[in-house]
Structure formats: C-alpha cells, structure tokens
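K.L.:
Can you keep this structure in mind? I'll have questions shortly.
The values are calculated or read from the model by the stated rules, or taken from the named source; none is laboratory data. Note that the structure is a prediction, hence the values are computed from the model and not measured. A quick note on method: Cβ atoms are made from the backbone with ideal geometry, for glycine too, and the neighbour counts reach across all protein chains shown. Keep in mind that these areas ignore ligands, DNA and RNA; they rest on the heavy atoms of the full protein, side chains included. Shrake-Rupley method; radii C 1.70, N 1.55, O 1.52, S 1.80 Å.
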Amino acid sequence: VDIEAVRSRFSSLSSGFAFFDAPGGTQVPDEVGTAVVRCYRQASGNLGAPYATSRRLEELVADAHRRAAAFFGCTADEVVLGANMTSLNFTLTRTMARQLSAGDEVVVTRLDHDGNVAPWLELAEDSGVVVRVADVHADTTLDLDDLARQLSPRTRVVAFPWAANSVGTVVDVAAVAALAHEAGALAWVDAVHSAPHQAMDVVAAGADVVLCSAYKFYGPHLGLAYGRRELLESWRPYKVRPQPTTPVARRFETGTLPHELLAALVACFDYLDSLGGLPALAAHERRLGDRFLANLASMPGGANLYGLASMEGRVPTFLVNFDGVPSGDLSAALAERGFGVWSHGHFYALGLSERIGWGEALRIGLCHYNTLDELDRLQDALCELVAARRRSGAASRP
Ligand SMILES: Cc1ncc(COP(=O)(O)O)c(C=O)c1O
C-alpha cells in the first residue's frame, strides 16, 4: 500500500498535523464526505414512495446492510444500524433482557470500555440482574481462568471486548465465546477498538452479538451491530407496530435511519476495499507499532508502558506516561507542536484503570495513515518535552 497516495485522499492530513488519536476517532477520507453530499443531492426524503429518489434510498439502505454484513462476515439480515455503539448496546441489551429474570448473571471484564459494562449495570439496577467482573493478568491479557470461575448455571451473557481501547490488548474471542457457550451464555462482543485494525469473521469467532462504530474506522458517526439470526428472531423488539418485521435485524432499528450517513458508510467500505481491505494494512500498522515501541525503549530516563511490550497480541494503541511529568501538560504541549495525542485518567476503561492505576497517561493510537516519519518526529518532541519538564521539576525541588 502506497501510504503517501492513501494520505492524499484525506484533506485533513494535508496540514502536517500528526494524528495519533485514532482510538478516539479517525480522520475520514474526502470520498466519505462527498458521499454525504451526493446522497442529499440525489436521494433525500424517505423510503416507501413510488418514485426514483425514494427507490434510490431503499437501494442505499439495502446496500449499507449488505456491505456492513461483509465487514462482519454475516448476512445482511443480521445487521442492525444505529446512532453509535453505546446507543445500540443500550437498545439491544434492554431488548434481550426481556428474557432475563432477577438473579440471572452477566459477566463483564476489566478490559471493557464502559459502553459494554454500563448497559448491564443499569439492567442490574432495573431488574435485579447480577453483574460479575472477570479479571486480567498483570500484563493486561484477559484471565480466562478467572473468567471461567465467574460463570455459573445462572450466567446468561459474557460481555467482553475484541480489543481494549485503553492498552490495545486483543482478546481471543473464539476462546471466550467457547467458555460462554459451555455455560449456556451468549458471547456479547464490543469490537469498536479491533474493527479498524483486524478483519472480522463473527461466525468463525462464535460471537452472538458484536458491536462497532464506523467513526473509528474512517467512516461516519454510525453504530453497527451483528446479531445471530436465531437470537434476533427470539427477541421481542421495541418497535412501532407498522414498522416491517423483516429483515429480522431491521426490527431493532427504530424510526428513520440517517440515510446520508449510510451513504458515507458505503463509501468508507469502498475506501477500505480500494486499499485491499484491512488485512492489506496489517503489515504497515505492525511496522508502525514496532517503531513506536523501539523509540519508546530508547527514551532517556525511561517511560512507563501499560500493556503488552511487543506487537504480539495487541493492536497499535499504546498507553504511556513518564515519571515526574504530568501527562495532561504533555499532551497540551504536543498539540502545540502538531501532534494529536490524548491524555486521560481512564479512557472509559474504568475496570482496568482501577486495576492497574496508571493515574493519568497518554494514549498514542496509530492507524494505517500514520507514517514512520511522524513517529520519529513524535519521539524527538517527546524526548525534548519530557527532559525539559524533568529538569524544571528537579530545579524546583528544594
Ligand atoms: C472499545 C469501545 N467501546 C465502545 C465505545 C463507544 O462507542 P460509541 O462512541 O460509538 O458509542 C468506544 C468509544 O470510544 C470504544 O472505544
């Protein structure tokens, strides 16, 4: 993949500002924005009218579901589209919970983003469902033995991430799904953080529900969910009565979808396909990750890296801080120098931040449009800023 050619498709990358904030939301190629405008020009209005603009929208809606299905590795009638991952997850968890009783159990993990924890905690509040938490090892990999210990005859769901948005650790979805199924529970997967980096085959992975968010993989602000067909058929949806009942997943899409964003979603899949799909980007992302880790290891005075120390078992999302240097101060100084890096206390990964206690840290998230040159410039800036702050900290100490 010719990364310079790829970058020229993003107006926002032309300023020279280096975006290392992909986990918060990626930049978007121009063609995705163009698709929004084209949709409004050619096909505004709504579905169901006997003329061309409306038929174009119907085709668009079908196409968006077909393309999302190819992304998940499922069929189009198993795809639910919605506002974002969080909204979709509140909808689907509440819908599924119509089959739960007080005392039924849900296992979540310490690796999860709160988007796959809070919906279950709210159900616990409303209907007496019990939420248990599976632990992680010290290296931030999921502790499967502890997860197995949390399972019981009352477990109905195991909710877990495909990859952790805080430290980038990848979870073996098939292994967790197998444990869940042995216990008679559903495997409920948050794929928001893995989706920009790894191709999905939700059926081979044995997942029952998988959610992701297109603004994390170069697309519009739109949530996508896969639900296994037999499961979706077994749920009673919250829907208005005249809304069609087929295809089955569409029963969980309330009201009118944002058609212009569906057009953007299709353009985003076209963009990824034009590069050869996510697998074609893996080698470049791996090179970037290796370079980042090598740079970090060579930093004078050292750095604290939370999570796995190599690119094995992770995506290129790195959580780091530096002794004696406030991370918030560092991210602000980096922004002034042209580097987009977030600093935060938990990154919505409340379970892991409690367990590991990094205080505040920088999350440096790489994706395919980043370059080795950007990483080397980041390294120079970090070395300079960290050294300067350590010097001024030492000078101000009595
Ligand atoms: C791992 C993970 N899950 C869930 C979410 C929530 O996604 P959304 O913003 O689409 O609701 C995020 C957002 O950052 C995330 O990183």
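K.L.:
Run down 94, 110 and say which single residue is among the basic types (Lys, Arg), more than 30 Å from residue 282 (Cα to Cα) and open to solvent by 30 Å² or more (accessible area, probe 1.4 Å).
P.N.:
Working: 110 fails: more than 30 Å from residue 282 (Cα to Cα).
Of 94, 110, the one residue that is among the basic types (Lys, Arg), more than 30 Å from residue 282 (Cα to Cα) and open to solvent by 30 Å² or more (accessible area, probe 1.4 Å) is 94.
K.L.:
Right, another one. Among residues belonging to region 97-106 that are open to solvent by less than 50 Å² (accessible area, probe 1.4 Å) and not in a helix (DSSP H, G or I), point out the one that is nearest to residue 277 (Cα to Cα). Write out each step before concluding.
P.N.:
Narrowing region 97-106 to residues open to solvent by less than 50 Å² (accessible area, probe 1.4 Å): 97, 100, 103-106.
Retained after the next criterion (residues that are not in a helix (DSSP H, G or I)): 100, 103-106.
On the way: 100: 39, 103: 44, 104: 40, 105: 38, 106: 34 Å.
Among them, the one singled out is 106.
K.L.:
Take region 171-195 and flag every residue that is farther than 18 Å from residue 107 by Cβ and either open to solvent by less than 10 Å² (accessible area, probe 1.4 Å) or among the basic types (Lys, Arg) (or both). Let's see the steps before the verdict.
P.N.:
Quick first cut of region 171-195, residues farther than 18 Å from residue 107 by Cβ only: 192-195.
Scanning region 171-195 gives 194, 195.
K.L.:
Name the pairs: first residue in region 3-15 and open to solvent by less than 30 Å² (accessible area, probe 1.4 Å), second residue charged (D, E, K, R), Cβ to Cβ under 9 Å, at least 6 apart or on different chains?
P.N.:
10/30; 13/7
K.L.:
Among the residues of region 16-36, is there at least one that is out of contact with any helix residue (DSSP H, G or I) (no Cβ under 7 Å at 6 or more places or on another chain), surrounded by fewer than 15 Cβ atoms within 10 Å (Cβ to Cβ), modelled with pLDDT of 95 or more and closer than 30 Å to residue 379 by Cβ?
P.N.:
yes
K.L.:
On to the next question. Give just the number: which of (1) within 24 Å of residue 353 (Cβ to Cβ); (2) buried (at least 22 other Cβ atoms within 10 Å of the Cβ) does residue 74 not satisfy?
P.N.:
If we test residue 74 against (1) within 24 Å of residue 353 (Cβ to Cβ); (2) buried (at least 22 other Cβ atoms within 10 Å of the Cβ), just (1) comes out false.
K.L.:
Of the numbered conditions (1) among the hydroxyl-bearing types (Ser, Thr, Tyr); (2) assigned to a helix (DSSP H, G or I); (3) in contact (Cβ under 8 Å) with a residue 12 or more places away in the chain, residue 369 satisfies every one except a single condition; which is it?
P.N.:
Status for residue 369: all satisfied but (2).
K.L.:
List every residue pair whose Cβ atoms sit under 6 Å apart, with the two residues 6 or more apart in sequence or on different chains, where the first one lies in region 85-103 and is more than 20 Å from residue 132 (Cβ to Cβ) and the second, anywhere, is more than 13 Å from the ligand (Cβ to nearest atom) and in a helix (DSSP H, G or I).
P.N.:
Matching pairs, first to second residue: none at all.
K.L.:
Within the set of pairs 6+ apart or on separate chains, which have a first residue in region 24-50 that is closer than 19 Å to residue 84 by Cα and free of Cβ contacts under 8 Å to residues at least 12 places away in the same chain, a second that is small (Gly, Ala, Ser) and open to solvent by 30 Å² or more (accessible area, probe 1.4 Å), and C-beta atoms under 7 Å apart?
P.N.:
none
K.L.:
Going through region 208-229 one residue at a time, which ones are within 15 Å of the ligand (Cβ to nearest atom) and either of a type in the set (A, V, I, L, M) or assigned to a loop (DSSP other than H, G, I, E, B) (or both)?
P.N.:
Listed by number, the residues that qualify are 209, 210, 211, 214, 217, 218, 219, 220, 221, 222, 224, 225.
K.L.:
A follow-up question, please. In the set 201, 190, which member is charged (D, E, K, R) and within 26 Å of residue 318 (Cβ to Cβ)? Spell out how you get there, then give the answer.
P.N.:
Details: 201 fails: within 26 Å of residue 318 (Cβ to Cβ).
Just a single option satisfies the conditions, and that option is 190.
K.L.:
Can we say residue 249 is touching a residue at least 24 places away in the same chain (Cβ under 8 Å) and open to solvent by less than 10 Å² (accessible area, probe 1.4 Å)?
P.N.:
Working: touching a residue at least 24 places away in the same chain (Cβ under 8 Å): yes; open to solvent by less than 10 Å² (accessible area, probe 1.4 Å): yes.
For residue 249, the condition - touching a residue at least 24 places away in the same chain (Cβ under 8 Å) and open to solvent by less than 10 Å² (accessible area, probe 1.4 Å) - is met.
K.L.:
Follow-up. Could you check region 161-170 and list, in sequence order, the residues that are within 11 Å of the ligand (Cβ to nearest atom) and either open to solvent by 10 Å² or more (accessible area, probe 1.4 Å) or closer than 18 Å to residue 226 by Cβ (or both)? Before the answer, list the steps.
P.N.:
So in region 161-170, the residues within 11 Å of the ligand (Cβ to nearest atom) come out as 161-166, 168.
If the condition is that a residue be within 11 Å of the ligand (Cβ to nearest atom) and either open to solvent by 10 Å² or more (accessible area, probe 1.4 Å) or closer than 18 Å to residue 226 by Cβ (or both), then 161, 162, 163, 165 are the ones that fit.
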